[in-house]
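Everything below concerns the one structure shown next.
The values are calculated or read from the model by the stated rules, or taken from the named source; none is laboratory data. All figures in this text were calculated on a predicted structure; none of them were measured in a lab. Note that we place each Cβ from the backbone using ideal geometry, even for glycine, and neighbour counts take in every protein chain shown. With ligands, DNA and RNA removed, areas are computed over all heavy atoms of the protein, side chains included. Shrake-Rupley method; radii C 1.70, N 1.55, O 1.52, S 1.80 Å.
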Amino acid sequence: MTQMTMPHFDTPAPILIVDDLEENLLSLEAVLRQDGLEIIKARSGADALEILLKRDVALALLDVQMPDMDGFELAETLRGNSRTRQIPIIFLTAGSTDRQRRFRGYESGAVDFLEKPLEPDILRSKVAVFCELYGQRRQIAVQRDNLRAFSEQNMRLLKESRAYAEALKQADQRKDEFLATLAHELRNPLAPIRNGLQILRMAPEGPRAEEVRGMMDRQLTHLVRLIDDLLDVSRVSRGKIDLRRVRMKLQDAIAAAIEASKPLIEASGHELTLDVPEEPLWLDGDLTRLAQVVSNLLNNAAKYTAEGGQIALSVARRGHVADITVSDNGLGIDAAMLPRVFELFAQSDEHLERAQGGLGIGLALVSKLVEMHGGSTRAASEGVGRGSQFTVTLPLASGEGEALEAAPGDEGRAASLHVLVVDDNVDSAQTTRWMLELNGHIPSVAHDGPTALTEAKRLKPDVILLDIGMPGMDGYEVCRRLRSLPETQGAVIIAQTGGGQESDRQKAFEAGFDHHITKPISLDALNALLVQVKV
């Protein structure tokens, strides 16, 4: 007997055999039993229908002569159902079938007739053909499903790409708007500074000299604040900012913020009302950063409120958190803009003309700094022209603590000191030298690391004001070498750098610096350090 070779499938091909006689079912099963086939048996047309309504088969072998529902009736029923009409059917008949019965069978959907007794090889070969076709149908179905999934994935990726392209377009537009605003805001303070220089050049001791110098100092402070905001928002966005957390009173941050924002509020003629509880509200936070948060909110209110407006600052305890609310009767916020007010560079178009300077980063910085403190921010407005309200919620600390001690101030004029200024920026070094001379010190200047080491050995200075970012030998290496020299082991070495993070300070201290100050150097901060130097 020739053995039929069945095609390989991941799962066996199901073959349904329908016959009312058990012995016929067992005989057919014995002939067809082999790997690659799953034999399913049914004793009646009703049983077969129940099976076929639940699962698919590769081929149905139907006995024609069955009681109740014969093979023809079962085939006609299968053809009437969308689920089963595609199943191939082979009729099994006892003896020859007349032409009329064959026509009925083919009309019912039969693909062939086999007469009993069956030839096993013929039966196996025909079954193998339909199993092969079944496997091909399954592969086509799988490919169709894969194609559909691939098409759906492509559509999803296309939608995502379009959304991403639109987001990039909007981000690019905001970047262009920001750069235009940045150029404008940087020119604003530079123009009066240049004008002031011209005035002082023409009349250094004229009647307005003091007023001009005060104006130049204010504009320079504004310029430094703009640059600081840019650096801060960049550091926060990249996770590079360090919080110097201490147990502190929230009221201390509020007081510092009011002091910082007071000039802008008063210059605009606004009335500031306060509602701050006397009971200390303790939290674990960075005093400088939290003061910056509240100051930014106050400055925002002052900028977007017409002259003579009303600004209110309130603080309230709510369980284990504190709410800081800054409200105003200014320009308000459009409903469409409200969800975006804390986004970077977000500014409402109708506000640009009324805003007294700003880069659209103040509120973004507020949101990020508050988030770093474990808090939240929210904005509210009834619409354009109806004012705004910003609320910051911060978690309070459990228990009480000790407030920060006030930073040491200028307790008097420092004794005359020998100061070596090391900076590769010639103008910066020279102006620092002039400031030190005017304060009664004896300064010297070096513009690179090797020269600084030579001058330090020769002069044996009391203080070395050392820039970090110099070409060739940087400030860290210069400091380490200075500490190894007998002539400068007792000198006070102060780092001056553009990096103001805690990590920058730590790196400076590890290199041997005694103090760390951020450029541009504040004369008051420098004097406060020099006062502490003992000679």
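Of the strands (runs of 3 or more DSSP E) entirely within the stretch 271-319, those holding at least 1 residues that are on the phi < 0 side of the Ramachandran plot and touching a Lys or Arg at 6+ places or on another chain (Cβ under 7 Å) occupy 282-285.
Restricting the search to the stretch 439-466, which residues are touching a Phe, Trp or Tyr at 6+ places or on another chain (Cβ under 9 Å) and either under 11 Å from G512 (Cβ atoms) or in a loop (DSSP other than H, G, I, E, B) (or both)? If the condition is that a residue be touching a Phe, Trp or Tyr at 6+ places or on another chain (Cβ under 9 Å) and either under 11 Å from G512 (Cβ atoms) or in a loop (DSSP other than H, G, I, E, B) (or both), then L466 is the only one that fits.
Restricting the stretch 417-438 to residues that are in a loop (DSSP other than H, G, I, E, B) and either open to solvent by 70 Å² or more (accessible area, probe 1.4 Å) or in contact with a His (Cβ under 6 Å, 6 or more places away or on another chain) (or both) leaves a set whose member that is modelled with the lowest pLDDT is N425.
Among the residues making up the stretch 258-283, those that are under 16 Å from V293 (Cβ atoms) and at pLDDT 90 or above are I258, V276, L281, L283.
Please verify whether G469 is in contact with a Ser or Thr (Cβ under 7 Å, 6 or more places away or on another chain), in contact (Cβ under 8 Å) with a residue 12 or more places away in the chain, part of a loop (DSSP other than H, G, I, E, B) and open to solvent by 50 Å² or more (accessible area, probe 1.4 Å), treating the condition exactly as stated. Against the criterion (in contact with a Ser or Thr (Cβ under 7 Å, 6 or more places away or on another chain), in contact (Cβ under 8 Å) with a residue 12 or more places away in the chain, part of a loop (DSSP other than H, G, I, E, B) and open to solvent by 50 Å² or more (accessible area, probe 1.4 Å)), G469 qualifies. Here the stretch 436-473 is the region considered, the condition is being touching a Gly at 6+ places or on another chain (Cβ under 7 Å) and charged (D, E, K, R), and the residue that is farthest from V421 (Cα to Cα) is D448. Across the stretch 474-486, the number of residues qualifying as over 11 Å from L420 (Cβ atoms) and either open to solvent by 40 Å² or more (accessible area, probe 1.4 Å) or in contact with a Ser or Thr (Cβ under 7 Å, 6 or more places away or on another chain) (or both) comes to 7. Restricted to the stretch 246-284, and to residues there that are of a type in the set (A, V, I, L, M, F, W, C) and over 24 Å from R218 (Cβ atoms), the residue that is most open to solvent (accessible area, probe 1.4 Å) is L274. For the criterion of being hydrophobic (A, V, I, L, M, F, W, C), outside any loop (DSSP other than H, G, I, E, B) and either in contact with a strand residue (DSSP E or B) (Cβ under 9 Å, 6 or more places away or on another chain) or open to solvent by 20 Å² or more (accessible area, probe 1.4 Å) (or both), I521 fails. Only one of the numbered conditions (1) among the β-branched types (V, I, T); (2) under 24 Å from T77 (Cβ atoms); (3) at pLDDT 85 or above is not met by I122, and that is (2).
Please count how many residues of the stretch 139-165 are among the hydrophobic types (A, V, I, L, M, F, W, C), open to solvent by 90 Å² or more (accessible area, probe 1.4 Å) and closer than 30 Å to V31 by Cβ. Working first, answer last.
Let us first name the residues in the stretch 139-165 that are among the hydrophobic types (A, V, I, L, M, F, W, C), namely 140-142, 147, 149-150, 155, 157-158, 163, 165.
Next cut, open to solvent by 90 Å² or more (accessible area, probe 1.4 Å) only: 140, 147, 150, 155.
Filter once more, keeping what is closer than 30 Å to V31 by Cβ: 140.
Looking only at that region, the number is 1.
The requirement of being over 42 Å from the mean Cα position of the chain (by Cα), assigned to a helix (DSSP H, G or I) and of a type outside the set (F, W, Y) is not satisfied by Q173.
Residue count for the stretch 452-466 satisfying the condition of being open to solvent by 60 Å² or more (accessible area, probe 1.4 Å) and among the β-branched types (V, I, T): 1.
Sort out which residues of the stretch 473-510 are in a loop (DSSP other than H, G, I, E, B) and at pLDDT 90 or above, and write them in order of number. Please lay out each step first, then the result.
Quick first cut of the stretch 473-510, residues in a loop (DSSP other than H, G, I, E, B) only: 473-474, 485, 489-491, 498-501.
Result: M473, D474, L485, A491.
Whenever a residue of the stretch 117-138 is crowded, with 18+ Cβ neighbours inside 10 Å, its partners that are of a type in the set (D, E), lying with C-beta atoms within less than 8 angstrom and at least six residues away or across chains, give the pairs K126/D112.
Output the residues belonging to the stretch 338-374 that are modelled with pLDDT of 80 or more, open to solvent by less than 20 Å² (accessible area, probe 1.4 Å) and either under 15 Å from R174 (Cβ atoms) or part of a loop (DSSP other than H, G, I, E, B) (or both).
Those that are modelled with pLDDT of 80 or more, open to solvent by less than 20 Å² (accessible area, probe 1.4 Å) and either under 15 Å from R174 (Cβ atoms) or part of a loop (DSSP other than H, G, I, E, B) (or both): V341, A364, H373.
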